[in-house]
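Asker: Dumping the structure here so I can ask a few things about it.
The values are calculated or read from the model by the stated rules, or taken from the named source; none is laboratory data. This structure is a prediction, so every number in the text was calculated from the model and none was measured. All Cβ positions, even for glycine, are placed from backbone atoms using ideal geometry, and neighbour counts span all protein chains on display. Each accessible area value is taken on the protein alone, full model and side chains, heavy atoms only, with ligands, DNA and RNA left out. Shrake-Rupley method; radii C 1.70, N 1.55, O 1.52, S 1.80 Å.
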Amino acid sequence: MFIKIYKRTIIKHPGFSIFFVFLAVAFFSFHSGKFKLDASADSLVLENDDALRYFRKIYNQYGTNDYLVLTYTPAADLFSKPVIDDLKKLSDELSALRGVDSIVSILNVPLLFSPKVTFSDLSNQVRTLLTPDVDFQLAKQEFKTNPIYSEQLVSPDGQTTAILINLPINHKLRDLLTERTNLREKEFNKTITADERSRLAVVSEEYRAYATHLTGEQNALVDEIRSTMELHRNTANLFLGGVPMIIADMISYVQSDIIIFSVGVFIFLILTLTIIFKQKRWVFLPMVCCFTAATTMIGLLGLMDWRVTVISSNFISLMLIFTMSLTIHLIVRYRELCTIYPDESQEFLVLETVRLKFMPCLYTVLTTIVAFVSLLVSSIRPVMDFGLMMTIGLIASFILTFLIFPAAAMLINREHIALQESKQAPFTSIFAVFTDKRGGLVLFISFLLIMLSAYGVTKLKVENRFIDYFSESTEIYQGMKLIDEKLGGTTPLDIIIDLPDEQVATSTSKAASTSDSSAGDLLDDDLLSADFGGDELLVDESNFSSERYWFTAYKLEKLERIHSFIEQLPETGKVSSIATLTKIATSLNNSIALDDYELSLMYDKIPQTIKDVLVTPYLSIANNQVRFATRIMESDINLSRQKLIEKIDLFLVDEMNYPADSIHFTNMVVLYNNMLQSLFKSQIMTIGVVFCGIMLMFMVLFRSLSIALIAILPNLLPAAMVLGAMGFFGIPLDMMTITIAAISIGIAVDDTIHYIHRFMKEFKKDRNYRATMHRCHASIGKAMYYTSLTIIIGFSILVLSKFIPTIYFGLFTGFAMLAALLAALTLLPQLIIVFKPLGPEAPTKSANAQN
């Protein structure tokens with residue numbers, strides 16, 4: 001029935017089919033201009049992660065904003081006048097850029113110890129490095145030792161400084177994000193109303209559009225900053241860092257990868273087809289199929305506003321490779337039929353090609369789709385999107401190939417193929433001979449490889465470093481490494497502690513007695529100056545904020561102990577907390593710790609500008625909550641995020657006696673760690689889903705459990721070898737490599753399906769397993785070789801990427817395809833010969849004679 005419909009529509013009216021395809025491609029091509037890229041931080045986090053919701057709550061509560069970090073390492077002394085002048089010029093140029101809210105550098109922060117000042121002095125005009133009579137060498141010493149500035153603005157060696165480029169807080173974006181998060185929370189908990197669901201769709205679209213607009217503005221700002229940096233590279237070595245810069249570069253990488261992969265694959269495919277078929281028609285026709293499939297998918301993504309990320313950036317090259325694989329199978333089968341039926345009409349040859357290849361091609365596409373659909377078990381949005389994109393792309397490739405190829409073939413004059421080609425033994429016959437003579441060795445080698453791969457799998461790890469995602473030649477890598485080594489680390493980790501409610505035993509009488517103590521005298525003379533006269537304290541105490549009573553020596557001593565513990569960990573760099581304020585206060589008080597009363601008075605007296613820097617980001621008095629802003633050394637080769645979190649948590653619970661439920665870890669270290677920890681689970685689930693789906697399809701296609709089991713075994717080998725090799729070479733699972741095993745299985749079974757499908761047909765001729773194997777290797781084996789070679793070299797194009805996981809993806813997928821081809825040409829036929837799933841062989845002539 002299907003063949004009749006196909007014949008009446010496609011075969012009989014090829015011109016109409018081509019015209020229909022042209023209209024469809026033109027429609028999607030029109031929408032290709034809407035094609036967009038996305039490299040936001042959402043690509044590093046899990047969907048519906050409780051830690052993500054908590055992070056956004058803390059993010060809003062402490063009011064942090066986005067910023068860029070510009071590192072500046074001059075050739076001369078950092079604190080020499082020519083360098084200071086150049087640094088001021090650079091800062092002024094950066095401040096003038098649209099989109100920059102403020103600049104923080106060594107030039108405009110207050111000097112507290114050059115010479116030492118009191119907190120009262122800070123309410124007046126503060127001294128900075130630009131103050132005319134400032135002592136540069138004294139200031140240099142302060143920047144290297146002041147806990148506020150050391151490893152934040154100046155490196156310990158005093159030769160590298162950081163310019164913090166603060167971007168304005170966009171309240172509209174935050175409001176949209178907050179509303180979207182709240183509505184998603186209701187949707188997740190299944191408490192959302194119909195109106196709220198409609199509002200969620202509207203808000204999600206508004207947020208997406210506005211975030212895209214802001215990303216474009218930030219990317220433009222990054223370009224302007226880099227242009228400004230170029231003007232100063234003759235005097236200093238400069239690097240740019242920060243999330244906005246990474247996003248801008250990642251988008252640039254995605255754009256570059258898409259262009260390089262697409263062009264590279266196109267050129268490679270043209271060369272490959274020319275070498276294989278040596279005829280223009282068999283070069284032009286596959287390229288038309290590839291072009292229409294890729295254009296259709298790009299237009300569809302643009303129409304749906306479906307963004308491409310770094311993970312899915314290679315979808316175009318993958319579609320080209322898969323489409324080419326389908327087309328090669330059709331071409332090879334068509335040419336075989338031309339040699340078998342040299343006198344038949346073009347209509348017969350084309351229709352017979354479609355009839356013989358439709359089902360195996362359909363099942364190869366379906367099994368590959370199973371592999372990509374299995375990625376949906378991951379909770380990582382870019383991985384899920386990649387799976388869905390490729391699923392739709394494969395469907396489009398299959399439909400377009402089976403529309404274009406037969407229609408175009410009908411419009412092309414038949415060209416007789418030289419018969420000498422069919423008389424030459426193809427390269428794949430070597431594997432048939434080897435399997436025939438060394439079948440036992442094939443089974444032994446396969447078993448040995450599986451055992452070695454299993455051992456390698458036990459060495460797999462999930463922990464990796466974000467810095468390793470990038471080539472050492474990129475600014476992202478170099479900037480992160482410099483910031484790690486000299487400016488206190490890169491990746492942020494926030495430790496939030498909900499403190500237990502405590503009654504502060506501070507009274508007026510205690511205040512009076514404290515004011516007369518020697519410590520109070522030190523406070524008067526050295527810390528708070530004349531503003532804190534003893535009698536005046538008692539008179540004006542009612543005017544002091546009640547918040548000052550939070551500041552007790554007992555509380556702050558505990559927080560200082562926590563601060564010191566976190567700071568001394570080898571994985572951590574710069575740590576900032578409320579303890580930084582007490583360290584400064586103690587230093588200004590001649591290294592004498594302040595008591596409760598002095599601390600409370602200090603809080604009331606310090607200017608709001610100082611509170612905004614040293615208090616507000618690290619303390620929420622209303623919630624009785626403290627925050628330790630920590631940066632992690634991303635370049636540390638021994639970094640284990642999970643172990644670090646567990647180590648800090650154990651200290652806070654066992655040593656500091658905080659309840660476990662009062663301790664929270666958040667920010668990118670936690671969100672990224674959660675994503676990494678989910679990879680093991682999703683990897684197991686992904687492979688399980690793939691094998692179950694493929695096994696079910698094998699049973700439906702071959703209608704035999706024994707054949708299905710034999711077919712699935714050779715496909716275990718490529719997946720095991722890929723994961724085992726990753727374990728042996730210490731390559732961790734990440735967002736890209738997690739997809740390799742499942743996708744490799746989905747692609748590898750294509751060879752298995754085509755081979756068994758041909759084997760079952762050929763076996764009926766003489767019911768001789770070994771003879772059938774030789775015929776299959778000489779026919780379908782050739783197509784398998786061509787398509788696998790195309791896929792392997794096609795994936796090798798991915799090594800041109802600047803994103804290291806993409807390179808691994810290309811190399812290991814190509815490696816898996818090579819292993820799959822070898823397994824399909826050796827292990828698979830040997831298993832068929834050994835287990836004879838198609839029934840007993842026909843008696844040989846010699847056996848008949850004996851009977």
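Asker: Can you tell me which condition K357 does not meet? The list is (1) crowded, with 20+ Cβ neighbours inside 10 Å; (2) touching a residue at least 40 places away in the same chain (Cβ under 8 Å), and all the others hold.
Answerer: Of everything listed in (1) crowded, with 20+ Cβ neighbours inside 10 Å; (2) touching a residue at least 40 places away in the same chain (Cβ under 8 Å), K357 misses just condition (2).
Asker: Further question on the same structure: State whether one or more residues within the range 160-177 are in contact with an Asp or Glu (Cβ under 9 Å, 6 or more places away or on another chain), over 25 Å from A248 (Cα atoms) and part of a helix (DSSP H, G or I).
Answerer: For the range 160-177, residues in contact with an Asp or Glu (Cβ under 9 Å, 6 or more places away or on another chain), over 25 Å from A248 (Cα atoms) and part of a helix (DSSP H, G or I): absent.
Yes/no per residue for (1) open to solvent by 10 Å² or more (accessible area, probe 1.4 Å); (2) part of a helix (DSSP H, G or I); (3) of a type in the set (V, I, T):
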{"site": "V690", "(1), (2), (3)": "no, yes, yes"}
{"site": "V700", "(1), (2), (3)": "yes, yes, yes"}
{"site": "L723", "(1), (2), (3)": "yes, yes, no"}
{"site": "G730", "(1), (2), (3)": "yes, no, no"}
{"site": "I740", "(1), (2), (3)": "no, yes, yes"}
{"site": "G746", "(1), (2), (3)": "no, yes, no"}
{"site": "V749", "(1), (2), (3)": "no, yes, yes"}
{"site": "T752", "(1), (2), (3)": "no, yes, yes"}
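Asker: While we're here: Test each condition in (1) open to solvent by 10 Å² or more (accessible area, probe 1.4 Å); (2) in contact with a strand residue (DSSP E or B) (Cβ under 8 Å, 6 or more places away or on another chain); (3) closer than 20 Å to I793 by Cα for L326 and report the one that comes out false.
Answerer: Failing condition for L326: (2).
Asker: Also, quick follow-up: Select from the range 345-354 the residues that are among the aliphatic types (A, V, I, L, M) and over 42 Å from the mean Cα position of the chain (by Cα) and write down the one among them that is surrounded by the most Cβ atoms within 10 Å (Cβ to Cβ). Show your work before the answer.
Answerer: Going through the range 345-354, the residues among the aliphatic types (A, V, I, L, M) turn out to be 349-351, 354.
Going one step further and asking which of them are over 42 Å from the mean Cα position of the chain (by Cα), we end up with 349-351.
On the way: L349: 22, V350: 25, L351: 18.
Taking the candidates together, the pick is V350.
Asker: Can you tell me which of I610, I584, I645 is assigned to a helix (DSSP H, G or I), in contact with a strand residue (DSSP E or B) (Cβ under 6 Å, 6 or more places away or on another chain) and of a type in the set (V, I, T)?
Answerer: Details: I610 fails: in contact with a strand residue (DSSP E or B) (Cβ under 6 Å, 6 or more places away or on another chain); I584 fails: in contact with a strand residue (DSSP E or B) (Cβ under 6 Å, 6 or more places away or on another chain).
So the residue among I610, I584, I645 that is assigned to a helix (DSSP H, G or I), in contact with a strand residue (DSSP E or B) (Cβ under 6 Å, 6 or more places away or on another chain) and of a type in the set (V, I, T) is I645.
Asker: Across the range 212-237, what is the number of residues that are in a helix (DSSP H, G or I) and either touching a residue at least 60 places away in the same chain (Cβ under 8 Å) or of a type in the set (S, T, Y) (or both)? Quick ask: steps written out before the conclusion?
Answerer: If we filter the range 212-237 for residues that are in a helix (DSSP H, G or I), which is where we start, we get 212-230.
So of that shortlist, the ones also either touching a residue at least 60 places away in the same chain (Cβ under 8 Å) or of a type in the set (S, T, Y) (or both) come out as 212, 215, 217-218, 220-222, 224-225, 227-229.
So the answer is 12.
Asker: Right, next: Being free of Cβ contacts under 8 Å to residues at least 40 places away in the same chain and either of a type outside the set (D, E, K, R) or open to solvent by less than 30 Å² (accessible area, probe 1.4 Å) (or both) is the filter here; which residues of the range 329-344 pass it? Break it down stepwise before answering.
Answerer: First, the residues of the range 329-344 that are free of Cβ contacts under 8 Å to residues at least 40 places away in the same chain: 337, 340-341, 343-344.
Matches in the range 329-344: L337, I340, Y341.
One line per residue, one yes/no per condition, for (1) under 28 Å from R703 (Cα atoms); (2) of a type in the set (D, E):
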residue	(1), (2)
E347	no, yes
L351	yes, no
V354	yes, no
T364	yes, no
I369	yes, no
F372	yes, no
I380	no, no
V383	no, no
T391	yes, no
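Asker: I'm checking my understanding of the structure. Among residues of the range 534-571 that are among the aromatic types (F, W, Y) and part of a helix (DSSP H, G or I), which one is modelled with the lowest pLDDT?
Answerer: As a first pass, look at the range 534-571 and keep what is among the aromatic types (F, W, Y): 544, 549-551, 554, 565.
Filter once more, keeping what is part of a helix (DSSP H, G or I): 549-550, 554, 565.
Values: Y549: 65, W550: 75, Y554: 81, F565: 95.
Checked the range 534-571; the qualifying residue modelled with the lowest pLDDT is Y549.
Asker: Okay, moving on. Of a type in the set (V, I, T) and at pLDDT 75 or above - does that describe any residue in the range 105-113? Show your work before the answer.
Answerer: To start, the set of residues in the range 105-113 that are of a type in the set (V, I, T) comprises 106, 109.
Retained after the next criterion (residues that are at pLDDT 75 or above): 106, 109.
Within the range 105-113, one or more residues are of a type in the set (V, I, T) and at pLDDT 75 or above.
Asker: Moving to a separate point now. Restricting to the range 613-638, give me the number of residues that are open to solvent by 40 Å² or more (accessible area, probe 1.4 Å), of a type in the set (V, I, T) and part of a strand (DSSP E or B).
Answerer: Residues in the range 613-638 being open to solvent by 40 Å² or more (accessible area, probe 1.4 Å), of a type in the set (V, I, T) and part of a strand (DSSP E or B): 0 in total.
Asker: Of everything in the range 100-109, what is under 34 Å from the mean Cα position of the chain (by Cα) and open to solvent by less than 30 Å² (accessible area, probe 1.4 Å)? Give them in sequence order. First the steps, then the outcome.
Answerer: So the first thing to find is which residues in the range 100-109 are under 34 Å from the mean Cα position of the chain (by Cα), and the list is 100-105.
Correct list: V100, I103, S105.
Asker: Also, I was wondering about something else. Return yes when V310 is open to solvent by 10 Å² or more (accessible area, probe 1.4 Å), assigned to a loop (DSSP other than H, G, I, E, B), hydrophobic (A, V, I, L, M, F, W, C) and more than 30 Å from H777 (Cβ to Cβ) and no when it is not. Spell out the reasoning first.
Answerer: Values: open to solvent by 10 Å² or more (accessible area, probe 1.4 Å): yes; assigned to a loop (DSSP other than H, G, I, E, B): yes; hydrophobic (A, V, I, L, M, F, W, C): yes; more than 30 Å from H777 (Cβ to Cβ): yes.
Yes: the conditions hold for V310.
Asker: Only one residue in Y210, Y253 is among the aromatic types (F, W, Y) and more than 23 Å from T490 (Cβ to Cβ), so which one is that?
Answerer: Values: Y253 fails: more than 23 Å from T490 (Cβ to Cβ).
So the residue among Y210, Y253 that is among the aromatic types (F, W, Y) and more than 23 Å from T490 (Cβ to Cβ) is Y210.
Asker: Going residue by residue through the range 610-623, is there one that turns out to be without any contact (Cβ under 8 Å) to a residue 40 or more places away in the chain and over 23 Å from I562 (Cβ atoms)? Quick ask: steps written out before the conclusion?
Answerer: Pass one, the range 610-623, residues without any contact (Cβ under 8 Å) to a residue 40 or more places away in the chain: 611-612, 615, 622.
Subset that is over 23 Å from I562 (Cβ atoms): none.
No, because not a single residue in the range 610-623 is without any contact (Cβ under 8 Å) to a residue 40 or more places away in the chain and over 23 Å from I562 (Cβ atoms).
Asker: Tally up the residues in the range 587-596 that are assigned to a helix (DSSP H, G or I), in contact with a helix residue (DSSP H, G or I) (Cβ under 7 Å, 6 or more places away or on another chain) and open to solvent by 10 Å² or more (accessible area, probe 1.4 Å), please. Explain how you work it out, then say what you get.
Answerer: Within the range 587-596, the first condition is being assigned to a helix (DSSP H, G or I), and the residues that meet it are 587-588, 596.
So of that shortlist, the ones also in contact with a helix residue (DSSP H, G or I) (Cβ under 7 Å, 6 or more places away or on another chain) come out as 588, 596.
Imposing the further condition that a residue be open to solvent by 10 Å² or more (accessible area, probe 1.4 Å) reduces the set to 596.
Total satisfying the criteria: 1.
Asker: Determine, yes or no, whether P132 is more than 30 Å from E217 (Cα to Cα), touching a residue at least 40 places away in the same chain (Cβ under 8 Å) and either open to solvent by 30 Å² or more (accessible area, probe 1.4 Å) or in contact with a His (Cβ under 8 Å, 6 or more places away or on another chain) (or both). Talk me through it step by step, then tell me what you get.
Answerer: Working: more than 30 Å from E217 (Cα to Cα): yes; touching a residue at least 40 places away in the same chain (Cβ under 8 Å): no; either open to solvent by 30 Å² or more (accessible area, probe 1.4 Å) or in contact with a His (Cβ under 8 Å, 6 or more places away or on another chain) (or both): yes.
No.
Yes or no, residue by residue, for (1) surrounded by fewer than 23 Cβ atoms within 10 Å (Cβ to Cβ); (2) in contact with a Gly (Cβ under 8 Å, 6 or more places away or on another chain); (3) part of a helix (DSSP H, G or I):
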residue: F239; (1), (2), (3): yes, yes, no
residue: V254; (1), (2), (3): no, no, yes
residue: S262; (1), (2), (3): yes, no, yes
residue: L271; (1), (2), (3): yes, no, yes
residue: I275; (1), (2), (3): yes, no, yes
residue: Q279; (1), (2), (3): yes, no, no
residue: W282; (1), (2), (3): yes, no, yes
residue: T296; (1), (2), (3): no, no, yes
residue: G299; (1), (2), (3): yes, no, yes
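Asker: Which numbered condition in (1) modelled with pLDDT of 90 or more; (2) open to solvent by 70 Å² or more (accessible area, probe 1.4 Å); (3) aliphatic (A, V, I, L, M) is the only one that L97 fails?
Answerer: Condition (2) is where L97 drops out.
Asker: F447 - would you say it is under 30 Å from A719 (Cα atoms), among the hydrophobic types (A, V, I, L, M, F, W, C) and surrounded by 16 or more Cβ atoms within 10 Å (Cβ to Cβ)? So that I can check it myself, show each step before the final result.
Answerer: Details: under 30 Å from A719 (Cα atoms): yes; among the hydrophobic types (A, V, I, L, M, F, W, C): yes; surrounded by 16 or more Cβ atoms within 10 Å (Cβ to Cβ): no.
When the stated conditions are applied, F447 does not pass them.
Asker: Mind listing whichever residues of the range 763-783 are surrounded by fewer than 19 Cβ atoms within 10 Å (Cβ to Cβ) and under 15 Å from F702 (Cα atoms)?
Answerer: Within the range 763-783, K764 is the sole residue that qualifies.
Asker: Tell me which residues, restricted to the range 450-479, are open to solvent by less than 20 Å² (accessible area, probe 1.4 Å) and under 25 Å from F729 (Cβ atoms). So that I can check it myself, show each step before the final result.
Answerer: Filtering the range 450-479 down to residues open to solvent by less than 20 Å² (accessible area, probe 1.4 Å) leaves 453, 456, 462, 464, 467, 469-470, 474, 476, 479.
S453, G456, V462, N464, I467, Y469, F470, T474, I476, listed by residue number.
Asker: Restricting to the range 410-433, count the residues that are closer than 20 Å to I780 by Cβ, in contact with a helix residue (DSSP H, G or I) (Cβ under 7 Å, 6 or more places away or on another chain) and at pLDDT 70 or above.
Answerer: Final tally of qualifying residues: 6.
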